[in-house]
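Read the structure below first, then the notes.
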Amino acid sequence: MLVSHKHGGRWRIVATMLLTLTFSSVWNVDAYAEVIQIVYTSDQHYGITRKTFRGEKQVSATKVNAALVESINKLPGLDLPPDGGVMSGKPVGWIDYVISTGDIANRMEGSKEKAPMTATECWEVFMSQYGKGLTVKDKDGKPAELLAVPGNHDMTNAVGFFRAMYPAKDDGALRAMHERASGKKTDAFDPYAQRVVLSREKGGLHLLLMGIWPDVASRAWMDQELKNMPKGQPALLFTHMPPDVTANRLTNPNGNHDINAKDKFENLTPDVSSVRTITERPVREHRELEKFLETHPSIRAYFHGHENFNESYNWQGPDYTVSLPVFRVDSPMKGDVSAGDETELSFLLISADTDTGKMTVREVMWNTNAKDLTTWGQTRTVPLTFTSAEK
């Protein structure tokens, strides 16, 4: 299974680079008609620099993310590892979606004299590199769809922070994500009322994406989406924060509920914290999410960024009523491990087969020798099906 780089080793298989071939000359595409493949990454953090990258020092996020996009574009010509998972040993061949779960912009902490890159500028670079630079295609030859939802930095830039930022607010990235998700331009934008949520269905697999964390409003939206799904159809949940959200990300329960340097609540979600200080554990919120997941077994896995290292674990909630596979993904800029060791840089490739009812999540090590060599890291296969009792 996938494990934290802090706590376990890995096996690696050097990915074989292939010439671009037609699918029919490699394998029977019909045999994999129900396989949906997704590239998952997060925390691009435009506006900051890496200490080192490929022999250079203080390398911009623009340059590092350009290299990551290039690595994604090479995926179709790689053979998957012979790990017994979905598509084991076969060429990757196609990508249906590329997903980022936020922190596309970095928080705009700074001053007029030392102005950071604004959220609007970060989004523009992201769309230039990922929106225009990705060349991967689905089985029908159509461009893979790029899906993006906000992280805490994107939201903070829109609503403010308890330390000084310059400018004090910029909702450019958040607004752009909402407009792409809703398909509508917005004149008056409310970052709390106009949530960024996305729903997609392909090959019998449902994708649910939301900004920050599955708060009360997002769970209500998901509940409706899941009710409209065919019975027995699996769903995957993508968001920025882990299930065990910390209190500081919630709305300040004190005074007039504002963002201030004393309380240090960040007001990233309208949910008012059940605890009064950011050092306390908001068990009530965790329990509410646990109950939601218990009553919606069609959600087969939870994907998140934010903590910036590759890991898989099962989240059981404070009352241990669920055991949901969770996949955490690395950041190209702020990796807990990869920031200090660039050969550990990774993103995830998800291969979901709704015909066999299995999903394999593979770690793609895209910079293993600091010279653009891609290898496969950890692999975990989990079921997409659920029992009649769960249904």
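The values are calculated or read from the model by the stated rules, or taken from the named source; none is laboratory data. A quick note: this is a predicted structure, and the numbers were derived from the prediction, not measured. For neighbour counting, all protein chains shown are included, and Cβ atoms are generated from backbone atoms with ideal geometry for every residue, glycine included.
Listed here are the residues, each with its yes/no results for (1) touching a Lys or Arg at 6+ places or on another chain (Cβ under 7 Å); (2) assigned to a strand (DSSP E or B); (3) surrounded by 15 or more Cβ atoms within 10 Å (Cβ to Cβ); (4) at pLDDT 50 or above.
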residue: 7; (1), (2), (3), (4): no, no, no, no
residue: 39; (1), (2), (3), (4): no, yes, yes, yes
residue: 62; (1), (2), (3), (4): no, no, yes, yes
residue: 69; (1), (2), (3), (4): no, no, yes, yes
residue: 74; (1), (2), (3), (4): no, no, yes, yes
- Residue set 384, 348; condition closer than 23 Å to residue 67 by Cβ and either touching a Pro at 6+ places or on another chain (Cβ under 7 Å) or of a type in the set (A, V, I, L, M, F, W, C) (or both); output residue 348
- For region 240-261, enumerate the residues that are without any contact (Cβ under 8 Å) to a residue 60 or more places away in the chain and farther than 18 Å from residue 216 by Cα. 254, 255, 256, 258
- Note on the structure: Cβ pairs under 6 Å, 6+ apart or interchain, first in region 122-145 and without any contact (Cβ under 8 Å) to a residue 60 or more places away in the chain, second β-branched (Val, Ile, Thr), ordered by first then second residue, are none
- Among residues belonging to region 302-338 that are hydroxyl-bearing (Ser, Thr, Tyr) and in a loop (DSSP other than H, G, I, E, B), point out the one that is surrounded by the fewest Cβ atoms within 10 Å (Cβ to Cβ). 320
- Residue count, region 234-271 (criterion: of a type in the set (S, T, N, Q), in contact with an Asp or Glu (Cβ under 8 Å, 6 or more places away or on another chain) and either part of a loop (DSSP other than H, G, I, E, B) or surrounded by 23 or more Cβ atoms within 10 Å (Cβ to Cβ) (or both)): 4
- Message: With the condition being over 19 Å from residue 259 (Cβ atoms) and in contact with a helix residue (DSSP H, G or I) (Cβ under 8 Å, 6 or more places away or on another chain), I'd like the helices (runs of 4 or more DSSP H) fully within region 119-194 carrying at least 2 qualifying residues.
- Response: 119-126, 172-182
- Query: On the given criteria, is residue 253 in contact with a strand residue (DSSP E or B) (Cβ under 7 Å, 6 or more places away or on another chain) and over 21 Å from residue 42 (Cβ atoms)?
  - Reply: yes
- Message: Can you find a residue that is surrounded by fewer than 23 Cβ atoms within 10 Å (Cβ to Cβ), over 19 Å from residue 62 (Cα atoms) and of a type in the set (Gly, Ala, Ser) anywhere in region 339-347?
- Response: no
